Amino acid sequence: MGTPYHLSFVAFFGRTFDEYMQMFSITPTELRKGRTLDCPSGPDSFIAEGLRQGLDVVGCDPMYQFDASEIHARGKASIDATFEELKKNPDSLHHKNLEEFTRNKYLALEAFAADYALNKKHGRYVHASLPKLPFADGSFDRVLTANFLMLYACVADGGLYDGREFDLDFHLRSVDELARVSKHEIRMSPTRAASTPWGEHPYLQAIMERLRLKQFTVELVPSVYDDGFGTNNHLLVARRSIALY
């Protein structure tokens with residue numbers, strides 16, 4: 001048995017559109033109802049495929065400061081580095097098909113890079129980072145946020161990150177900001193610790209309470225998405241109980 005999987009950097013690591021549908025337990029039909037923010041978006045193909053399907057989607061990420069060629073190079077380097085870490089301890093993730101998982105990362109990156117070159121100038125890819133976003137209050141009907149909050153808490157706090165800058169205070173300020181820009185709904189994944197034992201993330205209850213204070217009803221929905229960190233993963237779904245916008 002190897003050492004627990006951890007990272008010394010925030011991976012610029014994308015998912016495919018189909019993976020998004022599983023991860024967020026949502027359908028393209030639901031996404032047609034209103035405007036969606038993906039934050040942070042990374043080098044995923046969600047925006048690219050969403051636009052092809054006529055969805056009103058926007059992604060934001062601190063890496064969107066770079067042009068298309070540089071961001072593609074950085075994305076590939078990040079994927080390569082992440083899988084080098086995985087090779088050191090192949091038992092740290094539990095995917096049934098690690099080869100398919102790897103292939104999907106590169107497929108997502110290629111689709112992202114091509115669309116990024118076309119649609120960044122149209123405001124579909126916005127350079128921004130939590131906990132401060134450049135959007136007006138209630139700009140989006142829903143916000144999707146995955147594979148950053150909770151996941152990149154420090155290892156001692158249930159995340160997989162060696163750093164400590166994404167502490168509980170950072171998470172709560174980020175939740176405040178996501179709530180500010182969302183009219184109706186926030187969906188957040190993952191919600192459990194990224195290291196053994198794979199139980200509830202130590203920050204989860206505080207995040208849920210913060211959302212309730214922001215007039216959201218909160219529930220945990222079982223997720224069918226296999227992110228490789230074991231079983232019992234749940235999606236956090238928060239909906240406004242009082243319309244503010």
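Numbers for the structure displayed
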quantity	calculated
Point-charge dipole on Cβ atoms (K/R +1, D/E -1) for the chain, about Cα centre, debye to 20	680 debye
Glu30-Glu110 pseudo-label distance in nm [points 7 Å out on the Cα-to-Cβ vector]	3.0 nm
Pairwise FRET efficiency - Phe9 versus Lys121, Cβ, R0 = 25 Å, nearest 0.05	0.30
Exposure proxy ranking, count of Cβ atoms within 10 Å, fewest first, for Thr27, Thr102	Thr27, Thr102
Segment 169-182 - phi-based ³J(HN,Hα) in whole Hz, Karplus 6.51/-1.76/1.60, Gly and Pro as x	4, 4, 4, 5, 5, 5, 4, 4, 6, 4, 5, 4, 8, 9
Net lengthening on full extension, Asp56/Leu172 (0.36 nm per residue, minus Cα-Cα)	39.0 nm
Burial ordering of Ser69, Ser223, Ser25, Ser45, fewest other beta-carbon atoms within 10 Å first	Ser69, Ser25, Ser223, Ser45
Among beta bridges that DSSP assigns inside the chain, antiparallel share in %, nearest 5	40 percent
Choice from Asp141, Asp38, Asp169 with maximal GNM fluctuation in the chain (Cα, 10 Å cutoff)	Asp169
Val126 long-range amide H proximity, modeled H, under 5 Å	Gly59, Cys60, Asp61
Projected label distance in nm at Arg164 and Glu100, using a 7 Å step from Cα toward the beta-carbon	4.1 nm
Among the listed pairs Lys76/Lys120; Lys132/Lys214; Lys33/Lys105, those beyond 25 Å (Cα-Cα)	Lys33/Lys105
Segment 17-240 - percent relative contact order, Cα under 8 Å, separation 6 or more	22 percent
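A short reminder: the numbers here are calculations on the coordinates, not readings from a lab. The structure presented is a predicted model; accordingly, all values stated were derived computationally and were not measured. Please note: Cβ atoms are built from the backbone with ideal geometry, for glycine as well, and neighbour counts cover all protein chains shown.
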